[in-house]
Amino acid sequence: LFPPAVRGSEGLYMVNGPPRFTESAAFQRDSGKNCKALAFSKDGSLFAWCNGERVNVVNVTRAALLQSFDLPKTVCLEFSPKNNVLVTWQAYATAKDGTAGAPNLQLHDLRTGKCLKSFIQKKTQNWCPCWADDESICARNVNNEVHFFENNNFNTIANKLHLQKVSDFVLSPGAQPAKVAVYVPGSKGAPSFVRLYQYPNFGGPQSALANKSFFKADKVTMLWNKKATAVLVIASTEVDKTGASYYGEQTLHYLAANGESAVVQLPKNGPIYDVAWSPNSVEFCAVYGFMPAKATVFNLKCDPVFDFGTGPRNAVYYSPHGHILVLAGFGNLRGQMEVWDVKNYKLISKPVASDSTYFAWCPDGEHIVTATCAPRLRVGNGYKIWHYTGSVLHSYEVPSDEEMWQVFWQPFLDGVFPEKAVKYQAVPSELPSAEPRPAQAYRPPALRNKPVTSSKLHEDEPPQNMKPQLGGGDKPLSKTALKNQRKHEAKKAAKQEAKADANQGPAQVKPPQNAPQNAVPAMTTGDPEVDKKIKNLKKKLKAIEQLKEQAAAGKQLEKNQVEKIQKEAALLKELEELELGV
């Protein structure tokens, strides 16, 4: 079982995972309407929450209370990776006389319940210290420096990383030696940069594993891959000076621990909505470009591997095993999801989760939860548990006078759930299909009894495999190369048609697809000048035919249009003479 925890105005409770979906009897519901925060430990064995009175920590499997702390104002909670420390954060408040307030960030020993250390942490942003997976080091950003502590001894700063003005940092996941990515914003015409270091080698720029500088950055998001071999950096500005985007401007950069760095070239202009590493650490997927957005999988050389085409999407989620990928359009989009088999790049299902504000994969790699939570949306709150083949297995909607604030899967360590073969057939469900009726486009009264003509603002691009085909070790062709190739092919085809005409063979030349079926092949005299005159005369005669039709329909013609019709006989005579070669 892997119960999701649900927090809302109905209190805090846990639900049994598939296939039962009943409220868990192992965890006693906390009915208080003031539950501000909850957290699972990394391995899912411990669970902590603040109910507005105390912070409680329980063992999930035994349902036993481990610790309880008198911290009623706690709004953020986090466990250290090996469950030795619980971190709590309360909003910082200065004393009434204007002096510094009490420390608001506390680190508690979960075995003894004692407070190991208290710090002042004014901002919610990056409030939580970061640990290496084995808890050998812990780091936090203090006054533009990164302070490192070793073996949970928070009374001694073991190391400091001091650059001009460290704005953000991210520790690498996985085994030792730990690496750290730091971001320093640019100032006074100097560029911003991200550097990778290996702990504890912080002796200047030469000791950095990799360095990438860029000018267009007000903030960055840094994403390590699972094997800690590379970092993706999404650099974004608050304002797009070109005026093309309301959301500022974004660029995607790649840095490898071996020193390589590159700008990831995205074929479509526009915002970068989401980027995610595959759990295999050798590929990543980006969703980008003005709507309809493109989604592309890239390899470690930043070359495209597979392009999913365009569609209404702004988020990407790899399954825990990395064998399935979900592209989704949430927020201001309708909640369409595309579930893809990553190995074969085949579409599995296209479920729709309207009004969703939250999406998460279950650790088993088979199930998904989507939820509509307050305060993002205060109506229609609830959650659905899906199988990735598109079936809704469980749905819960809170009463109209209640709200749901958070849904959270119980985590498990990697390897607990084995990877299963991908299914394409929708699994059976007792609930009806969640497919909504397609919304009808508005049609003005004058057009309502007439046949529907499909009109799209833009054509969606189809998915395409970007891997070089076997036998041809070349890279995928660029846009210019493709254009030139098409031109060359068109010229070749035109030459072949001309040859066929000259030989006047029995084989009929196939008319172009857009030509009418009964179109008569154009006759040629052999003299290009005469052919040109004949073509122009035919054009004029066609225009006269159209004018005559309009006059027959009762339309009042202009004086110059009447004069054109009067010239018809002379034009016909001239055409006849040219065609006969007189």
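Can you compute 3J(HN,Hα) from phi for each residue in region 289-305, using the Karplus curve 6.51 cos²θ - 1.76 cosθ + 1.60 with θ = phi - 60°, rounded to whole Hz and x for Gly and Pro?
My calculation for region 289-305 gives x, 4, 4, x, 6, 8, 9, 9, 9, 10, 9, 6, 8, 6, 8, x, 9 Hz in order.
For region 251-262, what does the Karplus curve 6.51 cos²θ - 1.76 cosθ + 1.60, with θ = phi - 60°, yield as ³J(HN,Hα) per residue in whole Hz, taken in order and with x for Gly and Pro?
9, 10, 10, 10, 10, 10, 5, 8, x, 6, 8, 7
Could you sort 35-48, 547-560 so that the peptide with the highest average Cβ count within 10 Å comes first and the rest follow in order?
Details: 35-48: 19.8, 547-560: 10.4.
So the order, starting with the most tightly packed, is 35-48, 547-560.
Enter the accessible area per residue of region 530-581 (Å², integer; probe 1.4 Å; all protein chains in place).
81
Return the long-range amide H neighbours of Leu209 (sequence gap of 5 or more, or a different chain), with a cut-off of under 5 Å between placed amide H atoms.
For Leu209, whose amide H was placed from the backbone, the distant partners under 5 Å are Leu196, Tyr197, Gln198.
Could the peptides 188-194, 134-140 be put in order, highest first, of the mean number of other beta-carbon atoms found within 10 Å of their residues?
Output ranking for 188-194, 134-140: 134-140, 188-194.
Going by amide H atoms built from the backbone, whose H comes under 5 Å of the H on Val305, apart from near neighbours?
Excluding prolines and chain starts, which carry no amide H, the hits are Val297, Phe298, Asn299.
What accessible area per residue comes out for region 146-191, rounded to a whole number of Å², with a 1.4 Å probe?
Averaged over the residues of region 146-191, the accessible area is 49 Å².
At a 1.4 Å probe, what is the % contribution of carbon and sulfur to the accessible area of region 530-581?
That fraction is 51 percent.
Once you have all Cα-Cα distances for region 530-581, histogram them in 5 Å bins from zero and send the whole-percent values.
4, 20, 28, 20, 14, 8, 5, 1
Quick one: Karplus J couplings for region 135-151, per residue in order, coefficients 6.51, -1.76, 1.60, θ = phi - 60°, nearest Hz, x for Gly and Pro?
6, 5, 10, 9, 9, 8, 8, 10, 6, 6, 10, 9, 9, 10, 10, 10, 6
What is the percent carbon and sulfur in the accessible area of region 39-179, measuring with a 1.4 Å probe over the protein chains and ignoring ligands? All intermediate terms of the calculation are to be shown ahead of the outcome.
Working: 3250 of 6800 Å².
Whole-percent figure for carbon plus sulfur exposure: 48.
The values are calculated or read from the model by the stated rules, or taken from the named source; none is laboratory data. On a predicted model such as this, the values are computed, not experimentally measured, just so you know. Counting neighbours? That spans all protein chains shown, and the Cβs are built from the backbone with ideal geometry, glycine included. Note: accessible area is taken over every heavy atom of the protein model, side chains too, but ligands, DNA and RNA are not part of it. Shrake-Rupley method; radii C 1.70, N 1.55, O 1.52, S 1.80 Å.
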